[in-house]
1. For 129, 1, which order do you get if you count the other beta carbons within 10 Å of each Cβ and list the fewest first?
2. To the nearest µm²/s, what D does Stokes-Einstein give for segment 5-75 at 20 °C and 1.002 mPa s, using the Kirkwood radius over alpha carbon pairs as Rh?
3. Which residue, 138, 95, 82, has the most motion in a Gaussian network model of the chain that connects Cα atoms within less than 10 Å?
4. Which value in Å does the Kirkwood hydrodynamic radius of segment 1-175 take, with 1/r averaged over all unlike C-alpha pairs and then inverted?
5. How would 196, 289, 149, 303 line up from fewest to most surrounding beta-carbon atoms within 10 angstrom?
6. Which residue, 14, 275, 45, has the most motion in a Gaussian network model of the chain that connects Cα atoms within less than 10 Å?
7. In what sequence, highest mean first, do 69-76, 279-286 appear when ranked by Cβ atoms within 10 angstrom?
8. Mind computing the radius of gyration and Dmax over the alpha-carbon atoms of segment 64-105? Å is fine for both.
């Protein structure tokens, strides 16, 4: 069974404005709301691919109810811990080719709520897969993902990790099964410059070998991605297209890798599906469908390094 964890979900309020101007009233051309958060996005894409997952994390208030109602409506199982404070709202303002985001403040995660969440994870079974994705609420320590990864590894559960910054730096110490940093995040991890494919491979190999991470997939936007793992080292080209949506592209890549890995246990096919899925979302107005992802598969070429 696959479980996705979103510790810091949000209601994404997306507003389209014709020509945004500061210090005056702007009227929206269109707007919509959807359940947001990296783990939730992974569950949504897996569902579109025909996979099944259960969404875990924290929600609260009327915004939290919006998220659970949304997931129920699209038939995605969920088992969140309820909070007293409202789940945050993230405003994404789009005007022409520009996009501005205002992310809301995280609600407080009490000790009692956190312990309830831990009990849910302790009830999972050996052989399950858990996706830890997104930022951490401000009330949780930066080593939270490290703590969770250590606990889940002891339970015989594979951990898929997609985060950044201090949370990523701490979590890799526990040896998750899969990580998907971009080239800039990889450079930040080691405090080194990354200018070439060789630089990326060198650092990714350190993560694979020293931190015992089975799969390291480094995304490089339009330059594609580089995979380092037990199956070797290879580069994947990116499909050509117009990027119109950055939200959820990385989450779609994670979902794509998981979906194909569950089916084939083949790293090349899984990484190829990941790149196609991430690109399909980037080329769409919202999260990609299975058809959109598979239409791009033929454009992803693999070069052994």
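FYI, it's all coordinate maths here, none of it is from the lab. None of these values were measured; they are calculated from a predicted model. Ideal geometry is used to build each Cβ from the backbone, glycine not excepted, and the neighbour counts take in all protein chains shown.
1. Sorted ascending by nearby Cβ count, the order is 1, 129.
2. Numbers: Rh = 13.7 Å.
D = 156 µm²/s.
3. Per the Cα network of the chain with a 10 Å cutoff, 95 tops the list.
4. 17.0 Å
5. So the residues, fewest neighbours to most, are 196, 303, 289, 149.
6. Maximum fluctuation in the GNM of the chain, among the listed residues, is at 14.
7. Highest mean packing first, the order is 279-286, 69-76.
8. Just the Cα atoms of segment 64-105 yield Rg and Dmax of 13.9, 38 Å.
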